[in-house]
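S.K.: I have a structure here, written as structure tokens, and I will follow up with some questions on it.
The values are calculated or read from the model by the stated rules, or taken from the named source; none is laboratory data. Just so you know, these numbers come straight off a predicted model, no measurement behind them. With ideal geometry, Cβ positions are generated from the backbone for all residues, glycine too; neighbour counts draw on all protein chains shown.
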Ligand SMILES: Nc1ncnc2c1ncn2[C@@H]1O[C@H](COP(=O)(O)OP(=O)(O)OP(=O)(O)O)[C@@H](O)[C@H]1O
Ligand SMILES: [Mg+2]
């Protein structure tokens, strides 16, 4: 049984006036327990829509999403979504610790252990010493670290991430990629990650699902067999990394002119 299964999912949005936009043509793929899978596709192809359907936040028009073999009909407890806009997703009136504890509070788990776990997660994302700071006192990259720690506090089986590093500078982005890989390896979470950035997808993933333009479908699944732990310098300089990047880039630009 697959941990996550997307089966012939399609989604159209009805516009004012009755016309509808077909965002997702028909998408099927599976994610296994412990895998790191990235969805890469052109802007506007329906990546956010797909994650929202998987998170049970909007209904699919047809097809279904299964978690541990069971079809979902609303937000499943064991899935958590991290958005790109960290500044809109954190609670401005809560400290770093308060934000991370929120995930445990809603599960009714406020205890000494909950606070220890929150502090442990804050340490894992590299924010030890900032527990009492408020979001507006932190840089963008630090805020996104808080959002990741808060998402992990729910103890999700699957972490869904929608271009989580799209709004930070290039160096911070590389640091956040390494932090995420460390967390993934330590907590053994399954991650479904959306990005525009082909190199980021190769660097992070076990497998990439390449999506077509809207209405999107899966063009190709690509296994990334680069050794772990990965390294920003050596992995990115590896001949296989460069070949994969060129190959994926070629496939995306071929589609763009069709
Ligand atoms: N709430 C909505 N109502 C109507 N149409 C929508 C809605 N949300 C998205 N769309 C349309 O669905 C299509 C896919 O949008 P979506 O945001 O899922 O794409 P995306 O791949 O995440 O884009 P980006 O790469 O820019 O983040 C677009 O044509 C968009 O205009
Ligand atoms: Mg999007």
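S.K.: What do you reckon, is residue 90 under 23 Å from residue 181 (Cα atoms) and out of contact with any strand residue (DSSP E or B) (no Cβ under 6 Å at 6 or more places or on another chain)?
M.R.: Spelling it out, residue 90 is indeed under 23 Å from residue 181 (Cα atoms) and out of contact with any strand residue (DSSP E or B) (no Cβ under 6 Å at 6 or more places or on another chain).
S.K.: Here is a check on your reading of the model: is residue 214 modelled with pLDDT under 95 and closer than 27 Å to residue 60 by Cα?
M.R.: Considered against the rule, which asks whether it is modelled with pLDDT under 95 and closer than 27 Å to residue 60 by Cα, residue 214 comes out as yes.
S.K.: In addition: Which ones in region 156-174 are in contact (Cβ under 8 Å) with a residue 40 or more places away in the chain and either on the phi > 0 side of the Ramachandran plot or out of contact with any strand residue (DSSP E or B) (no Cβ under 9 Å at 6 or more places or on another chain) (or both)?
M.R.: Once the filter is applied, which keeps residues that are in contact (Cβ under 8 Å) with a residue 40 or more places away in the chain and either on the phi > 0 side of the Ramachandran plot or out of contact with any strand residue (DSSP E or B) (no Cβ under 9 Å at 6 or more places or on another chain) (or both), region 156-174 yields 163, 167, 174.
So that you can scan it fast, the table gives a plain yes or no per residue for (1) within 16 Å of ligand 2 (Cβ to nearest atom); (2) surrounded by fewer than 21 Cβ atoms within 10 Å (Cβ to Cβ):
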{"residue": "154", "(1), (2)": "no, yes"}
{"residue": "159", "(1), (2)": "no, no"}
{"residue": "166", "(1), (2)": "yes, yes"}
{"residue": "171", "(1), (2)": "no, yes"}
{"residue": "194", "(1), (2)": "yes, no"}
{"residue": "199", "(1), (2)": "no, yes"}
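S.K.: What tally of residues in region 105-118 results from selecting those that are surrounded by 15 or more Cβ atoms within 10 Å (Cβ to Cβ) and either in contact with a strand residue (DSSP E or B) (Cβ under 8 Å, 6 or more places away or on another chain) or in contact (Cβ under 8 Å) with a residue 12 or more places away in the chain (or both)?
M.R.: Residues in region 105-118 being surrounded by 15 or more Cβ atoms within 10 Å (Cβ to Cβ) and either in contact with a strand residue (DSSP E or B) (Cβ under 8 Å, 6 or more places away or on another chain) or in contact (Cβ under 8 Å) with a residue 12 or more places away in the chain (or both): 4 in total.
S.K.: Mind listing whichever residues of region 119-151 are in contact (Cβ under 8 Å) with a residue 40 or more places away in the chain and either assigned to a helix (DSSP H, G or I) or within 16 Å of ligand 2 (Cβ to nearest atom) (or both)?
M.R.: 124, 135, 136, 140, 143, 144, 146, 147, 148, 149, 150, 151
S.K.: Pick from region 98-114 the residues that are outside any loop (DSSP other than H, G, I, E, B) and out of contact with any helix residue (DSSP H, G or I) (no Cβ under 7 Å at 6 or more places or on another chain): which of them is modelled with the highest pLDDT?
M.R.: Step one: filter region 98-114 for residues outside any loop (DSSP other than H, G, I, E, B), giving 98-105, 112-114.
Add one more test, that the residue is out of contact with any helix residue (DSSP H, G or I) (no Cβ under 7 Å at 6 or more places or on another chain), and what stays is 98, 105, 112-113.
Numbers: 98: 96, 105: 83, 112: 85, 113: 85.
Applying the filter and picking the extreme gives 98.
S.K.: Scan region 46-56 and give yes if some residue there is modelled with pLDDT of 95 or more, away from ligand 2 (no atom under 16 Å from the Cβ) and surrounded by fewer than 20 Cβ atoms within 10 Å (Cβ to Cβ), otherwise no.
M.R.: Yes; the residues of region 46-56 include at least one that is modelled with pLDDT of 95 or more, away from ligand 2 (no atom under 16 Å from the Cβ) and surrounded by fewer than 20 Cβ atoms within 10 Å (Cβ to Cβ).
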